[in-house]
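Here's the structure we're looking at; comments come further down.
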Amino acid sequence: MIYHREFKNKKTEKLETPKQSAFEPTPSISAISFLRFWISSTWRRLVFTVISVPVSKRPHTGTESASLSLSTKSFVSAEGEALWNHKLFIRFKMNFSFNPQSNYSEITSNYPESSQSININKPQFISSIKASDITKRDNIQVSSHDARKVVLSSQYGPGQMEGLGTHLIEKSLSKPKQKLEFIRTLLIDNYDSYTYNIYQELSVVNGLPPVVVRNDEWTWEEACYYIYEERAFDNIVISPGPGSPACPADIGICFKLLLECGDIPILGVCLGHQALGYVHGANVVHAFEPVHGRLSEIQHNGCKLFHDIPSGKNSGFKVVRYHSLVIDPKSLPKELIPLAWTCSTDTISSLVDQKFDQSNYVETTPDNKVLMGIMHSTRPHYGLQFHPESIATCHGSRIFKNFREITEDFWGWKDSCSINDRKLKYNACMQVGNGSWEFKDNPRRNYLSFLDTNPFDIYERANSSNLRNDVKFLKLEWRKIENLCSQIGGAKNIFLELFGDENAENTFWLDSSSTEKRRARFSFMGGKGGSLWKQITFRLSDTSGGHVTIENAQGLSTTTFLEEGCFHFMNKELQSIHYDEKDLQGLPFEFYGGYVGYLGYGLKVECGAPYNQHKAKTPDACFFFVDNLIAIDHSNDDIYILNLHDQTTKTKTKTKTKTWVDDVYQKLITLKPSSTTLPKVQYRNNNKKTESTFLSDKNEEQYIKDVEKCQEFIKDGESYELCLTTQMRKKLGDLNRLGIYLHLREKNPAPYAAWLNFSKEDLTICCSSPERFLRLDRDGVLEAKPIKGTIARGSTPHEDHMLKSQLQHSEKDQAENLMIVDLLRNDLGRVCDPGSVHVPRLMDVESYATVHTMVSTVQGKKRSNLTAIDCVRAAFPGGSMTGAPKLRSMELLDSLESCSRGIYSGCIGFFSYNQTFDLNIVIRTVVIHQGEASVGAGGAIVSLSSPQEEYKEMVLKSRAPVNSVLKYEQNSLEQ
């Protein structure tokens, strides 16, 4: 994929039709291969006709031919046109029109501006035999109707043959249709962040997961081999994606598929829809306004693709749109038929009822409507401008079911032998779509051998190195103290008593400081002390991989270069641990010991991002391996004391284990409420220059300009939403860092707050995040809780209620949230069982100390063959901090932001040794490193954004962490 190109100079106002030379020539087959195919297959599958036809124009070449009568033996393909044999110079086109539900005039009458008579210069076919000429499809069914019409066993039904002057002689080879047990789909991914939502839908509808291939992953020869030689697929779906169909880097192989594969059903979504129009000569232009994450009502012509779906205003057919470009309906060539369009130019709320007040909508003429669907007149090719896979699109699943039925009808003439042959390829095709992304860092052969190998075996081989020689067998010991936490002063008092000495060095506290409304239930805390304790520090190199430093409990450190990177190393570490599941029985939480720390935003380069524009000063990842910890159940007021030890050395460590557990138990049961306070520290600046406030990397004017640049990218179709951020910094004196955190948690309590102190790195993190990135529980359920949409709290109850209602009904904030929900559904869809990804809560508004936020919940069931690290890597960084499509958005943001995000925008949490995990999104956070405090803040930029309001929202989000530092500093000075 070509990422490094100039976005600013990209012109899309009126896109030129690409020239033939811009694409590689279609591969030719040898004369011997063609004759072998022709001799063995023609008599069985083709219909010979002796006809006299006027040849007026060769399809799609734009080359005029003289009208003549040609008597020849010709064979007909399933798409209703002759197979072009360039070597034998057989050229004849059976021109016909068809209609899924009604006649052609009825289709076009609803859209008078479709301009069927406009002269379009269409892309030329490459002058060699098409891939469709060498297809192995069997038994095309043809029958006679008044000696002038051909009935093809496809969705098209009766197709009227025009210009035939003689009688049609036929031989019917049809057999009774058999319903296909499953449908094999090739899903082309245009580097989009919604592709795996389509994958999930097709897996359920087709009865088989599709094969996912990125648009630059196969050469044209490879695509032809799998589609025609192997006959591996029944249909093709082309995903949405950033950019324009006029840019070869954006569309990849999709152009050739639409141009050459006329004998296989294809459905293009959004960018795929635009590509279908562009390939056949339609103009793709800027829309009147970009529409992303917003809904429109749709009317359609009732064709097979929209079977059983209502149409028109107030019908309940609402769809989600993510696009800045559209097909100009006036430029549609006669080959393309409009199917659907918006009912009006207005968009509607994501949350309103299906029935809504019509008075809010202005009557519009057909000229105002936006083209939402097209189909090819002689090929089984369809395009949809809207996103049927979105969580908020109505009847989206029905559309995919209809496309399956279209595919079944198209191949309905296949005989029982070919259907049985399909079953032999079931296992070969079944898992490729499941794992395509998993193998992207492995040799290309992992992709190209998928038809011959069970990808589960590939996965096992690819990860065989995960099994280390130093396998650990860990044993968990724990003790419970009931109903004690609040009696001894709560979590704060416990942490200060057990871990607050010596500036709380090498300690952690995953702190559910906001437990109201059951947002969070458990807190975990601990420090250095056990025999298995170690610290892992990872820094990315300038090229690939990085260096890991491991410090053990005795203080000894080793540094190693990891070519495979951080995620691979963490996967190996977790895979090396064995345990007894019975040890976990009776524990109501998911963390029993293991890794606690953070993953920095820069690790995006290990998750598909092409590069990091800026290098972080802090480590890119840092974790403690924790073997001694305290867990607090805030709901039941219980305290748990946990210890891990290696069973291979249990006789040596069991006494120490009992000593630590018993010692902590005695301290807790004798602890007095509020008996422990933070040691007073005299604040000194040591004559160092310190600022009175935080200084932003970008001032208001610069930030507003960046917002406007984001909106230009969105207008050009490069992104749907961009999460723009900046950093604020301040030099600190000798402020007590734990005091800063305690002040922050008091003023801005949050369900996913955290304290991390990596003393050797001079690094402390004070986090008050309200957002969960990703969680995996013991039942294999993945959960994400993205936040998009924020507004300040009111100064009075009435004002507060009004502001909350304003956020709830804001179309802009709903669009932001919906885009990220669909993105998280996509990320979970890559690693979850088909059909398991769902949204139990959509756009709820939650209230915190300083803000109201719009929160959604996405869940899915993890596939059994994947690890915890696989799940995190598939979704990292959190989509709420990037925008969508994720990869292109991160690239654009790197070009705008002036420094590394570092720990901000990454995640903090735990990986338990049994591979459960819970991670937050690092926002509302103070990072203190080498005497400097930094706070990151930003917001999602969409087409509806006001640059001035976006700046105000960024400042609002930074207020809590910034004020916690300033006020604590002021209090320290006063003391």
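The values are calculated or read from the model by the stated rules, or taken from the named source; none is laboratory data. Keep in mind that what you see is a predicted model, and the values were worked out from it rather than measured. All Cβ positions, even for glycine, are placed from backbone atoms using ideal geometry, and neighbour counts span all protein chains on display. We work out accessible area using only protein heavy atoms, side chains counted, and drop any ligands, DNA or RNA first. Shrake-Rupley method; radii C 1.70, N 1.55, O 1.52, S 1.80 Å.
Worth a mention:
- Residue among L267, L258 that alone is aliphatic (A, V, I, L, M), in a helix (DSSP H, G or I) and open to solvent by less than 10 Å² (accessible area, probe 1.4 Å): L258
- Of the criteria (1) farther than 15 Å from R745 by Cα; (2) among the hydrophobic types (A, V, I, L, M, F, W, C); (3) open to solvent by less than 30 Å² (accessible area, probe 1.4 Å), which one F508 fails: (1)
- Residue identified as in contact (Cβ under 8 Å) with a residue 40 or more places away in the chain, outside any strand (DSSP E or B) and under 20 Å from R519 (Cα atoms) among A849, A815, A874: A849
- All positions within region 270-300 that are small (G, A, S) and open to solvent by less than 10 Å² (accessible area, probe 1.4 Å): G272, A275, G277, G281, A282, G293, S296
- Residue, farthest from M881 (Cα to Cα), within region 691-727, restricted to residues that are β-branched (V, I, T) and surrounded by 14 or more Cβ atoms within 10 Å (Cβ to Cβ): I704
Conditions tested, residue by residue: (1) in contact (Cβ under 8 Å) with a residue 24 or more places away in the chain; (2) in a loop (DSSP other than H, G, I, E, B); (3) of a type in the set (D, E); (4) within 25 Å of L738 (Cα to Cα).
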| position | (1), (2), (3), (4) |
| --- | --- |
| L476 | yes, no, no, no |
| R479 | yes, no, no, no |
| N483 | yes, yes, no, no |
| N493 | yes, no, no, yes |
| M525 | yes, no, no, yes |
| L532 | yes, yes, no, no |
| F538 | yes, no, no, yes |
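- The residues of region 576-622 that are closer than 29 Å to R479 by Cβ and polar (S, T, N, Q), listed by number, are S576, Q585.
- Failed item, numbered, when E799 is tested on (1) more than 25 Å from A874 (Cβ to Cβ); (2) touching a Ser or Thr at 6+ places or on another chain (Cβ under 8 Å): (2)
- Condition met for F569 (modelled with pLDDT of 95 or more and open to solvent by less than 10 Å² (accessible area, probe 1.4 Å)): no
- The single residue among E551, E564 that is open to solvent by less than 50 Å² (accessible area, probe 1.4 Å), out of contact with any Leu (no Cβ under 9 Å at 6 or more places or on another chain) and not basic (K, R) turns out to be E551.
- Condition check for Q200: closer than 24 Å to S889 by Cα, open to solvent by 10 Å² or more (accessible area, probe 1.4 Å) and modelled with pLDDT of 95 or more: yes
- Among the residues of region 853-891, those identified as basic (K, R) and buried (at least 24 other Cβ atoms within 10 Å of the Cβ) are R873, K886, R888.
- The lone criterion from (1) open to solvent by 50 Å² or more (accessible area, probe 1.4 Å); (2) under 22 Å from R519 (Cβ atoms); (3) assigned to a helix (DSSP H, G or I) left unmet by R841 is number (3).
- Contact map, region 299-312: first residue assigned to a helix (DSSP H, G or I), second residue among the aromatic types (F, W, Y) and surrounded by 20 or more Cβ atoms within 10 Å (Cβ to Cβ), Cβ cut-off under 8 Å, separation 6 or more or different chains; pairs are L305/Y382; L305/F403.
- Qualifying residue in region 481-492 (condition: closer than 15 Å to V626 by Cβ and modelled with pLDDT of 95 or more): no
- Among the residues of region 313-342, those that are over 23 Å from I391 (Cβ atoms), in a loop (DSSP other than H, G, I, E, B) and open to solvent by 10 Å² or more (accessible area, probe 1.4 Å) comprise D328, K334, E335.
- Pairs linking a residue in region 229-251 that is open to solvent by less than 10 Å² (accessible area, probe 1.4 Å) to a residue that is of a type in the set (S, T, Y) and assigned to a helix (DSSP H, G or I), with Cβ atoms under 6 Å and 6 or more positions apart or on different chains, are A232/Y226; D234/T407; N235/T407; S239/T195; P245/Y278.
- Among the residues making up region 186-215, those that are in a loop (DSSP other than H, G, I, E, B) and under 23 Å from A875 (Cβ atoms) are N190, Y191, D192, S193, Y194, P209, P210, N215.
- Failed criterion for G794 (all others in (1) small (G, A, S); (2) in a helix (DSSP H, G or I); (3) without any contact (Cβ under 8 Å) to a residue 60 or more places away in the chain hold): (2)
- Region 572-591: number of residues that are in a strand (DSSP E or B) and surrounded by 14 or more Cβ atoms within 10 Å (Cβ to Cβ): 2
- Of all residues in region 772-781, none are open to solvent by 10 Å² or more (accessible area, probe 1.4 Å), assigned to a helix (DSSP H, G or I) and not aliphatic (A, V, I, L, M).
- Among the residues of region 923-965, those identified as assigned to a helix (DSSP H, G or I) and either small (G, A, S) or open to solvent by 40 Å² or more (accessible area, probe 1.4 Å) (or both) are Q948, E949, Y951, K952, V955, S958, R959, A960, N963, S964.
- Selection of first residues in region 595-607 that are free of Cβ contacts under 8 Å to residues at least 24 places away in the same chain and of second residues that are open to solvent by 10 Å² or more (accessible area, probe 1.4 Å) and in a helix (DSSP H, G or I), restricted to Cβ pairs under 7 Å at least 6 apart or on distinct chains, gives an empty result.
- Among the candidates A933, A960, the residue that is modelled with pLDDT of 95 or more and either out of contact with any Asp or Glu (no Cβ under 9 Å at 6 or more places or on another chain) or aromatic (F, W, Y) (or both) is uniquely A933.
- All conditions but one from (1) buried (at least 20 other Cβ atoms within 10 Å of the Cβ); (2) assigned to a loop (DSSP other than H, G, I, E, B); (3) modelled with pLDDT under 95; (4) not polar (S, T, N, Q) apply to G608; the one that does not is (1).
- Note on region 495-523: residues that are under 22 Å from P619 (Cβ atoms) and in a loop (DSSP other than H, G, I, E, B) total 2.
- Residues located in region 892-911, provided they are on the phi < 0 side of the Ramachandran plot and either assigned to a strand (DSSP E or B) or surrounded by 24 or more Cβ atoms within 10 Å (Cβ to Cβ) (or both): L893, R901, I903, Y904, G906, C907, I908, F910, F911
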